[in-house]
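Read through the structure below, which is laid out as structure tokens, and then see the notes.
The values are calculated or read from the model by the stated rules, or taken from the named source; none is laboratory data. No experiment lies behind these values; they were computed from the predicted model shown. In this analysis, Cβ positions are derived from the backbone assuming ideal geometry, glycine residues included, and neighbour counts consider all displayed protein chains. To get the accessible areas, we keep the full protein, side chains included, count just its heavy atoms, and leave off ligands, DNA and RNA. Shrake-Rupley method; radii C 1.70, N 1.55, O 1.52, S 1.80 Å.
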Amino acid sequence: MSAPPPAPPATVEDLVRQRLSSALGGWRGVLDSAAPALAFLVGWIVTHDLLVSVGASLAVLLVALVARIARRETLQHVVGGIITTAVAAFIASRTGRAQDVFLPGILVNLGLAVVFAVSMVARWPVVGFVVGAVTDDPTAWRRDRGVVALCQKLTALLLAGYVLRVAVQLPLYLAGNTTALAVSKLLLGWPLLVAGVAVAGLILLKGSTPLAPPEGPATARD
């Protein structure tokens with residue numbers, strides 16, 4: 001018997017919790033994202049061979065892919081990991097520098113940091129679009145000061161993670177320290193993600209903002 005579908009969210013906090021869980025893929029998604037980084041680190045420490053290390057990452061991802069297919073679970077997290085690893089391996093193979101395996105991830109985090117920062121400055125925080133995506137009026141959330149404030153906090157929390165990864169990994173990349181890059185990718189991957197989710201959970205537990213903002217004059221100002 002299949003599990004009953006989750007109850008529809010009644011508050012903004014409920015909605016964001018459900019969307020965060022879906023985006024992360026639960027604990028399986030967290031493990032799927034951590035295992036390839038660990039495999040690369042072990043392969044690099046043991047062999048210092050780029051092909052062996054990348055091959056170990058891809059092997060772990062393929063095992064996860066087969067397991068998810070067998071369980072008829074979503075493949076988006078594993079497939080995304082395979083594509084990212086393949087692109088990184090291609091770049092490193094072309095340049096001949098092992099540290100270039102980490103360049104796509106650094107650039108992605110840098111790009112996301114810019115997008116999230118700009119959205120906060122403009123008072124259109126990225127998390128707000130998560131709320132608006134399930135309402136009849138995608139921009140109604142901006143008319144409620146409480147919803148805007150909540151979305152700003154959660155967007156800032158995610159932004160901090162992206163900034164921290166770039167601040168740590170970019171100097172290591174420029175120094176060509178592949179081992180330290182592999183360690184930082186592992187430590188700033190799922191442990192940082194779990195910590196961020198825990199903090200977000202504490203923020204979300206404190207409020208009960210209605211999912212549909214009450215009609216009336218706008219209360220959030222640019």
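Table: residues versus (1) among the basic types (Lys, Arg); (2) under 21 Å from Ala198 (Cβ atoms); (3) modelled with pLDDT under 95.
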position: Gly105; (1), (2), (3): no, no, yes
position: Leu110; (1), (2), (3): no, no, no
position: Ser119; (1), (2), (3): no, no, no
position: Arg145; (1), (2), (3): yes, no, yes
position: Val148; (1), (2), (3): no, no, yes
position: Val166; (1), (2), (3): no, no, no
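For region 125-158: of the residues being touching a Ser or Thr at 6+ places or on another chain (Cβ under 9 Å) and over 16 Å from Glu13 (Cβ atoms), which is surrounded by the most Cβ atoms within 10 Å (Cβ to Cβ)?
So the residue we want is Val126.
Give the residue, chosen from Ser93, Ser33, that is more than 22 Å from Leu192 (Cβ to Cβ) and open to solvent by 30 Å² or more (accessible area, probe 1.4 Å).
Values: Ser33 fails: more than 22 Å from Leu192 (Cβ to Cβ).
Unique residue meeting the criteria: Ser93.
Any residue in region 162-171 that is surrounded by fewer than 16 Cβ atoms within 10 Å (Cβ to Cβ) and in a loop (DSSP other than H, G, I, E, B)?
Within region 162-171, not a single residue is surrounded by fewer than 16 Cβ atoms within 10 Å (Cβ to Cβ) and in a loop (DSSP other than H, G, I, E, B).
Might you let me know whether region 77-84 holds any residue that is open to solvent by less than 30 Å² (accessible area, probe 1.4 Å), within 16 Å of the chain's Cα centre (by Cα) and touching a residue at least 12 places away in the same chain (Cβ under 8 Å)?
Looking for residues that are open to solvent by less than 30 Å² (accessible area, probe 1.4 Å), within 16 Å of the chain's Cα centre (by Cα) and touching a residue at least 12 places away in the same chain (Cβ under 8 Å), one finds at least one in region 77-84, hence yes.
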